[in-house]
Structures are given as C-alpha cells and as structure tokens.
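Worksheet: one structure, shown below.
The values are calculated or read from the model by the stated rules, or taken from the named source; none is laboratory data. These numbers were taken from a predicted model, which means no experiment stands behind them. Don't worry about glycine lacking a Cβ; one is built from the backbone with ideal geometry, like all the others, and counts go over all protein chains shown. The area values use the complete protein model at the heavy-atom level, side chains included, leaving out ligands, DNA and RNA. Shrake-Rupley method; radii C 1.70, N 1.55, O 1.52, S 1.80 Å.
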Amino acid sequence: MSQRKYWSAAILAAVMVMSSGCGDKPAAAPPADTGAVKQAAGADESNVKDEVGTIHQGQETAGTQTAGNSTSVTDGDKKEEPMRKEKVVLYYTDPELMGVVEAPGEIMYSGAEDKYAKAFNALQQSDDEEFVPLWNEAITLNQVEFDAGALVLDITKPAEANLGAGGEMYALEALENMFFQFEEVQSIQLLIDGEQVESLMGHVVLEHPMKRPTP
C-alpha cells in the first residue's frame, strides 16, 4: 500500500512539471495582415510613379520652352527687305495704235521678283489718255522667277485682252523694252498658264525665250 502511494505521488509530480513547462512556452505571433502590407506597397509604388511622372513632365516643359525660345530667335532673325524706289521708262501705245511710245514712271518694290512684278503692273496702268496700255488689266501675273539673268513671267490672258496683229507686235516690243532696261535681265521667258505657246495672241511668233538684243 505504501509502494502504491509512492508511485502515485511520483506520477503526480511528473504531470505538474510537464504542465509548468508547457505554460512557459511563448505564445505564437498572430499572422501578419497581408492586406495592410499590400496596401502599403501599393502606396509606395504609386508615389514612385507620381515622382517619375513629375520628372518627365518637367523635362517636357523644359524642352517646350527651349523650342519656343529657338523659334522666337529664328523669327527675330528674319528681316524684311526695305522698300526701294526706282525711276523707269514705261512703254505704251498712242490712241491710234500707231506704235510704241515712252513715258516716265516710277516703281516701288522690295526684292528682285517684286521689282519685276511691279514693272509688269506698271505696263497695265496709265493715268494719261495719250498713253494707252498694250497689256490689259484683265491679264493676271501668276508667277515671277528670276535666276542668273533669266526672267520668267507666267500669265493668264483672257480673250478680251487680245489685240490685232499690230497691237500684238507692239505689246511684245513694249514688254522687251520694259524689262531689258534692267541691265541684269538677259532673257525673258513668257508663259501662258505655265506653258510655252507659239503665239501670244495668235498673230506673232513668240520666242522662247526672248533674248536681249546684242549691241
């Protein structure tokens, strides 16, 4: 009987020791909140993207400002040619259409091509009844080109601007006299709507180009 009490006391002591050891174990840490971690990571990534976007936007703005400054400098460098005034001789016919007559005139222009355009326009106008233009105002000057002494005039001529054989001959004479008074002009190429034609008004053969007469 005493031996049974002894073993019972021993077993009870062992159980108490084991229970005490289990109570000393630290409690397991609760699982981390993965949602909060993901939310924090997303916020950091968003902040990084915002910073990168701000940097790119700043670079684009700087580039735009640089381009704008460059354009303005280029525009500032462009200078219009000053207006010039030149006395010229104008060529018309008389009221009876008997020949070519001269009259003093003056043109204002800026640049070579504008000079020849104004000279052509002067042939179409007259304030004096004694000087009748051979080049009707209905004729349109489409384009003027000048390069290395070669002058090109492209015109549109309606039927109402046509003259007879004598008038056509005088008109071409007036044109040659008008432009060959400028020493730099060595030839005149007259085009009708961009094309070479055999005759201006159907009576006189038109040379392509008309060349300055040799002295």
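Worth pointing out:
- Net charge of Cβ neighbours under 12 Å - reference Lys118; Lys, Arg +1; Asp, Glu -1: -1
- Couplings 3J(HN,Hα) of the stretch 184-200, computed from phi: 6, 7, 10, 8, 10, 9, 9, 10, 10, 6, x, 10, 7, 10, 6, 8, 5 Hz, in residue order, whole Hz [Karplus 6.51 cos²θ - 1.76 cosθ + 1.60, θ = phi - 60°; x for Gly and Pro].
- Taking Lys and Arg as +1 and Asp and Glu as -1, the other residues whose beta-carbon sits under 12 Å from that of Glu176 total 0.
- Charge tally for Val205 (other residues, Cβ to Cβ under 11 Å; Lys, Arg +1; Asp, Glu -1): -3.
- Whole-Hz ³J(HN,Hα) from phi, Karplus 6.51 cos²θ - 1.76 cosθ + 1.60, for the stretch 109-123, glycine and proline x: 8, 9, x, 4, 5, 5, 4, 6, 5, 5, 5, 5, 4, 5, 5
- At an R0 of 22 angstrom, the distance between the Cβ atoms of Met108 and Asp147 translates into a FRET efficiency of 0.45.
- With all protein chains modelled, accessible area of His208 [1.4 Å, Å²]: 60
- Tyr91 - accessible surface, heavy atoms, 1.4 Å probe, Å² rounded to 10: 20
- In loop segments of the stretch 88-147 as defined by DSSP, the GluC sites (Glu not before Pro) with at most 16 further C-beta atoms inside 10 Å of their C-beta are Glu96, Glu129, Glu130, Glu137.
- Ordered from largest to smallest accessible area (heavy atoms of protein chains, 1.4 Å probe), the residues Arg212, Arg84 come out as Arg84, Arg212.
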